[in-house]
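Let me begin by presenting the structure, written as C-alpha cells, before commenting on it.
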Amino acid sequence: MKKFTPQISKAINLSGKLHDGQGRKGDGLPYIIHPFAVALILMDYSEDEDVIVAGLLHDTVEDCDYTEEQLIEDFGPRVADIVMGVTEQNKEDPWQKRKDDYLAHLKGASYEAKLICAADKIHNLQSMIAVYEKLGKEAEKEFNAPLDKKIWFYDACYEIIKEDSNIPQELTEKLQSALTDIKAMC
C-alpha cells in the first residue's frame, strides 16, 4: 500500500479542519496531533487504507460537529462502521457510564475497530505519561477522571483487545508496556 493516498490526504485535511482549535487534555497541544499519531501507529500494523482513514477520523463524530451520515457520505460505510466502533455514543452520560458502554460495545467491535482502539490508547497513555513526568501528581487536575479510573478503563480495553487473536502481538505488547509505565508512576 502506498502510505499517502488521496483518501488518506482527504482524511488528514478533514480531521485537521474538524479538530481546528481543539487542545489535548493534559498537555494542551493541538488536538490534531492525536489522530495523526494514531494513524502513524496503525501504519505499522495495517496496510488497509480504510483503517488508516478511520484512525485519522476516529474522534470526529464523538468530539466534533460531524455526523455518522456525513462520514458515510465522505468516506463510505466501511470507514464509518470502523469509526463508530470506537465512538462513545452519548457524551452527556457520566464518565463511568460512558466507559462501561464503550467497553460493552468494544467486546463485539470489529478487528479494525480494536486496532484503532489499541493505537488510540497507546498514544493517550504515552501522552499521559509525558504530562505526569512534567507535572507529577498535579497532572491529575488536567484530566477528566482520576488516574486510577483512567488506568481501570485502559486495563479493561487491553483485556478486550488481547482476546482478539488477530491483533498483532507487538501492538498488544506496546499497549501493555504503556500501561505498566503509567502504573509505575502511581
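Here, each number is a calculation from the coordinates, and none is a lab measurement. All values derive from a computational prediction rather than experimental measurement. In this analysis, Cβ positions are derived from the backbone assuming ideal geometry, glycine residues included, and neighbour counts consider all displayed protein chains.
Summary of computed values
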quantity: Qualifying residue in segment 58-65 (condition: closer than 21 Å to residue 21 by Cα, touching a Phe, Trp or Tyr at 6+ places or on another chain (Cβ under 6 Å) and surrounded by 21 or more Cβ atoms within 10 Å (Cβ to Cβ)); calculated: yes
quantity: Test: residue in segment 132-146 that is in a helix (DSSP H, G or I), charged (D, E, K, R) and under 19 Å from residue 169 (Cβ atoms); calculated: no
quantity: Residues being within 14 Å of residue 116 (Cβ to Cβ), part of a loop (DSSP other than H, G, I, E, B) and of a type in the set (D, E, K, R) - total across segment 34-74; calculated: 3
quantity: Test result for residue 112, charged (D, E, K, R) and either surrounded by fewer than 18 Cβ atoms within 10 Å (Cβ to Cβ) or at positive phi (or both); calculated: no
quantity: Any chance residue 24 is of a type in the set (Lys, Arg) and in contact with a Phe, Trp or Tyr (Cβ under 7 Å, 6 or more places away or on another chain); calculated: yes
quantity: Cβ pairs under 6 Å, 6+ apart, first in segment 111-131 and farther than 17 Å from residue 169 by Cβ and free of Cβ contacts under 8 Å to residues at least 40 places away in the same chain, second part of a helix (DSSP H, G or I) and not hydrophobic (A, V, I, L, M, F, W, C); calculated: none
quantity: Tally of residues being within 18 Å of the chain's Cα centre (by Cα) and without any contact (Cβ under 8 Å) to a residue 40 or more places away in the chain across segment 132-151; calculated: 3
quantity: Qualifying positions in segment 150-182 - of a type in the set (Ser, Thr, Tyr) and either surrounded by fewer than 15 Cβ atoms within 10 Å (Cβ to Cβ) or closer than 21 Å to residue 94 by Cβ (or both); calculated: 154, 165, 177, 180
quantity: Where residue 40 falls short, out of the listed (1) in contact (Cβ under 8 Å) with a residue 40 or more places away in the chain; (2) surrounded by fewer than 16 Cβ atoms within 10 Å (Cβ to Cβ); (3) within 15 Å of the chain's Cα centre (by Cα); calculated: (1)
quantity: Odd one out for residue 92 among (1) part of a loop (DSSP other than H, G, I, E, B); (2) in contact with a helix residue (DSSP H, G or I) (Cβ under 8 Å, 6 or more places away or on another chain); calculated: (2)
